[in-house]
Amino acid sequence: MTTEIIKAALAPCGLNCEKCFAHVNGDIRKYSLKLKENLGNFDLYAKRFETLLGDPIFQKYSDFKEMLDYFASEHCKGCRNEQCRMFKECGVRTCHQEKQIDFCYLCDEFPCEKTNFDADLYKRWIMINEKIKGTGIEEFYEKTKIRPRYL
């Protein structure tokens, strides 16, 4: 696996951009598009199923469809390809660009307070970078490809 392929997938913070719900080429978008295709014009049927089956869950179909449409839309090409559209206050990309460091764990100031992450993401960021440091970037990347992003 080349470093360029890995860097295209992993953000400087270590999160796998391709596993994010917002990534244009990510699995969540791909499967959302497929589900939309398979559901077709289910709106009409949701109303019928509510009556035929007596199940009020189908009243919530419009909310589900709205979320599915959001997941299926194009949002982001990854942190190394454009400024993050989802987390506009992220401090990692700016720092990474200024210091010319590929990943946070390589920085002599890691861990720092420049991320602007909330407490949960900050803990996850440290854990991710410690794993990368311990296992190496190639092994870490291979593991991120097979597990969900949102654990």
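The values are calculated or read from the model by the stated rules, or taken from the named source; none is laboratory data. Model, not experiment: these values are computed from the prediction. Cβ sites come from the backbone with ideal geometry, for glycine too, and all protein chains shown count toward neighbours.
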Report task. Name the one entry in GLU74, GLU89, GLU109 that is under 17 Å from the mean Cα position of the chain (by Cα) and farther than 19 Å from LYS19 by Cβ. Result -> GLU89
Report summary line: Considering the range 13-66, residues that are assigned to a helix (DSSP H, G or I), among the small types (Gly, Ala, Ser) and surrounded by 15 or more Cβ atoms within 10 Å (Cβ to Cβ), and then whichever is modelled with the lowest pLDDT, we arrive at ALA46
Query raised in the report: So which residues in the range 92-106 are under 18 Å from CYS17 (Cα atoms) and either surrounded by fewer than 16 Cβ atoms within 10 Å (Cβ to Cβ) or not hydroxyl-bearing (Ser, Thr, Tyr) (or both), if there are any at all?
Result: VAL92, ARG93, THR94, CYS95, HIS96, GLN97, ILE101, ASP102, PHE103, CYS104
Query raised in the report: Has the range 83-93 got any residue that is touching a helix residue (DSSP H, G or I) at 6+ places or on another chain (Cβ under 8 Å), more than 18 Å from ARG149 (Cα to Cα) and not aromatic (Phe, Trp, Tyr)?
Result: yes
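Condition check: of a type outside the set (A, V, I, L, M), in contact (Cβ under 8 Å) with a residue 40 or more places away in the chain, assigned to a helix (DSSP H, G or I) and within 29 Å of THR135 (Cα to Cα). Does ARG80 satisfy that? Working first, answer last.
Working: of a type outside the set (A, V, I, L, M): yes; in contact (Cβ under 8 Å) with a residue 40 or more places away in the chain: yes; assigned to a helix (DSSP H, G or I): no; within 29 Å of THR135 (Cα to Cα): yes.
Answer is no for this residue.
Conditions tested, residue by residue: (1) touching a residue at least 12 places away in the same chain (Cβ under 8 Å); (2) assigned to a loop (DSSP other than H, G, I, E, B); (3) out of contact with any Asp or Glu (no Cβ under 9 Å at 6 or more places or on another chain); (4) surrounded by 14 or more Cβ atoms within 10 Å (Cβ to Cβ).
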residue	(1), (2), (3), (4)
LEU68	yes, no, yes, yes
TRP125	yes, no, yes, yes
GLU139	no, no, yes, no
THR144	yes, no, no, yes
Requested in this report: Among what's in the range 1-12 and is modelled with pLDDT of 90 or more and in a loop (DSSP other than H, G, I, E, B), pick the residue that is nearest to the chain's Cα centre (by Cα).
Outcome: ALA11
Query raised in the report: What pairs come up if the first residue lies in the range 109-120 and is under 13 Å from PRO12 (Cβ atoms), the second is among the hydroxyl-bearing types (Ser, Thr, Tyr) and outside any loop (DSSP other than H, G, I, E, B), and their beta carbons are under 9 Å apart, counting only those six or more places apart or on different chains?
Result: LYS114/THR94; THR115/TYR122
Query raised in the report: Do you know which residues across the range 83-99 are in a helix (DSSP H, G or I) and among the polar types (S, T, N, Q)?
Result: THR94, GLN97
